[in-house]
Amino acid sequence: MGRERLTWGLLLRVGVLLTGLCVCVHVYLETGWRGTPAPLGRPTQDSQNWGQQSRTKAEAEEQERSIKRRISYVRTLKKESQTKKEEDKEEPSPACCPPLRSHRKTPRWHIDLEPWAAVSHSLEDEAKRFLNYITTPQVSCASLTGDEAAQEGTKGAWVACLDPKYSLSHRIQSKHCRVYSFGLGVDDRTLERSLSRAGCEVHCFDPSLKQPHLQQADMWLHRLSIDWRDPNPAFVAQRQYAITKKLATILNDFGHRQVDVLKADMESAEWKILENLVLEGVLDSVGQLLLELHLHWAGFEVGGDDPSVVRYWFSLLKELERANFRLFHVHSDPAKPHLFLHKNVLNASSVYTLSWVNTEWKP
């Protein structure tokens, strides 16, 4: 009996082990069979889905690469076209048209001083050259008679050139004329009214006005004036407004790009203002410049001995000439004192009103 029980127990254990082994083999074979790829001639549903997804993904990638190639090609064409246009602007054909003028200005920090009038560096030599320059018109103006180009007297100090060969007359006809007039407590606005009646948009700037802006007849009046520097922001914050600004700032604030006529009587600040216009390249925005010069002293923030001051004045006017401005009218008032840097030099008047036209100005 004992042996039979032992034998049956052993057989039972062997049977259980075999059963477990069979189950493991069956599971292993089932798993391996499902993971085995189907034959080439009979694709399963899983393999079909996988193949379709692979083809879809491959097609999407190929389409994306194609789009990128087209975008890259278009960008290349645009870049080459833009480069070609820039090269055409920089090097136009001689038979086509003159080179375009660049509007980019190289920053300047000082004007170019002209050579001394003589090796002696004397006041008389510098004054002679300067006075001869400001009393000799460089171009004629058909709207003025020959005697009006250089004159003395109490009338006719401020004139604009309406010669058809310059742009002002055409701008008036097209109703696109704009005038800026700067002064302090100006009573005589004959020229401004005349240009306003002709159809110009006239802005008169006077810091002594009580109101910031005022429309009077056909002119705009502004409590503002021109300077060679912008005001300190802290000072502006205290007063809530600024009464002096650079011309470039005023143009920007008013949304104007060009001025057909710029008239300025700045009571000895004209030299530094003119220097600012030269250094910042603002003169390209001006068609005609009418300026009153005060010669009885050097002017605000103009230093040096007398010969150096006159040389500086002359150099500024030569900068105007290099900017295509030509003198067409000169006026001196004999009633003014004959003082030239506090001296009587060559019987020169202390005040001259000069008018220039930008001969290359095409707004």
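A cut-off of 5 Å between modelled amide H atoms, ignoring neighbours fewer than 5 places along the same chain, links Cys177 with Glu201.
Residue order for Met219, Met266, fewest other beta carbons within 10 angstrom first, comes to Met219, Met266. Per-residue 3J(HN,Hα) values for the stretch 299-315, derived from phi via the Karplus relation 6.51 cos²θ - 1.76 cosθ + 1.60 with θ = phi - 60°, read x, 4, 6, 10, x, x, 6, 4, x, 5, 4, 5, 4, 5, 4, 4, 5 Hz in sequence order (x marks Gly and Pro). Here the 3J(HN,Hα) profile of the stretch 171-187, calculated from phi with Karplus coefficients 6.51, -1.76 and 1.60 at θ = phi - 60°, is 5, 5, 5, 8, 6, 10, 7, 9, 10, 10, 10, 10, x, 10, x, 6, 9 Hz, Gly and Pro shown as x. Seen from Gly299, the other residues with C-beta closer than 11 Å to its C-beta sum to a net charge of -3, counting Lys and Arg as +1 and Asp and Glu as -1. Available extension along the chain between Asp284 and His110 is 60.9 nm, counting 0.36 nm per residue and deducting the alpha carbon span. With the highest mean first, a sort of the peptides 180-190, 286-296 on other beta-carbon atoms found within 10 angstrom per residue produces 286-296, 180-190.
Taking the Cα centre of the stretch 123-358 as origin and assigning +1 to Lys and Arg Cβ atoms and -1 to Asp and Glu Cβ atoms, the resulting dipole is close to 580 debye. The fewest-to-most ranking of Ile243, Ile273 by surrounding Cβ atoms within 10 Å reads Ile243, Ile273. Taking label positions 7 Å along the Cα-Cβ direction at both Glu360 and Ala118, the computed distance is 3.4 nm, reported to one decimal. Calculate the tail of P(r) for the stretch 253-363: the fraction of all Cα-Cα distances greater than 25 Å, expressed in %. Within the stretch 253-363, distances greater than 25 Å cover 22 percent of Cα pairs. Full extension of the chain between Leu214 and Cys24 gives 58.1 nm of extra length, using 0.36 nm per residue less the Cα-Cα distance.
Taking label positions 7 Å along the Cα-Cβ direction at both Lys175 and Thr190, the computed distance is 2.9 nm, reported to one decimal. Karplus-derived 3J(HN,Hα) values for the stretch 255-267, using 6.51 cos²θ - 1.76 cosθ + 1.60 with θ = phi - 60°, are x, 9, 9, 9, 10, 6, 9, 10, 10, 8, 10, 10, 6 Hz; glycine and proline are entered as x. Can you pull the percent of Cα pairs in the stretch 123-358 with separation above 32 Å? Value for the stretch 123-358: 18 percent of Cα pairs lie more than 32 Å apart.
Laboratory data are not the source of any read-out in this text; all were calculated from the coordinates shown. Please read all numbers here as calculations on a predicted model, not as lab measurements. Please note: Cβ atoms are built from the backbone with ideal geometry, for glycine as well, and neighbour counts cover all protein chains shown.
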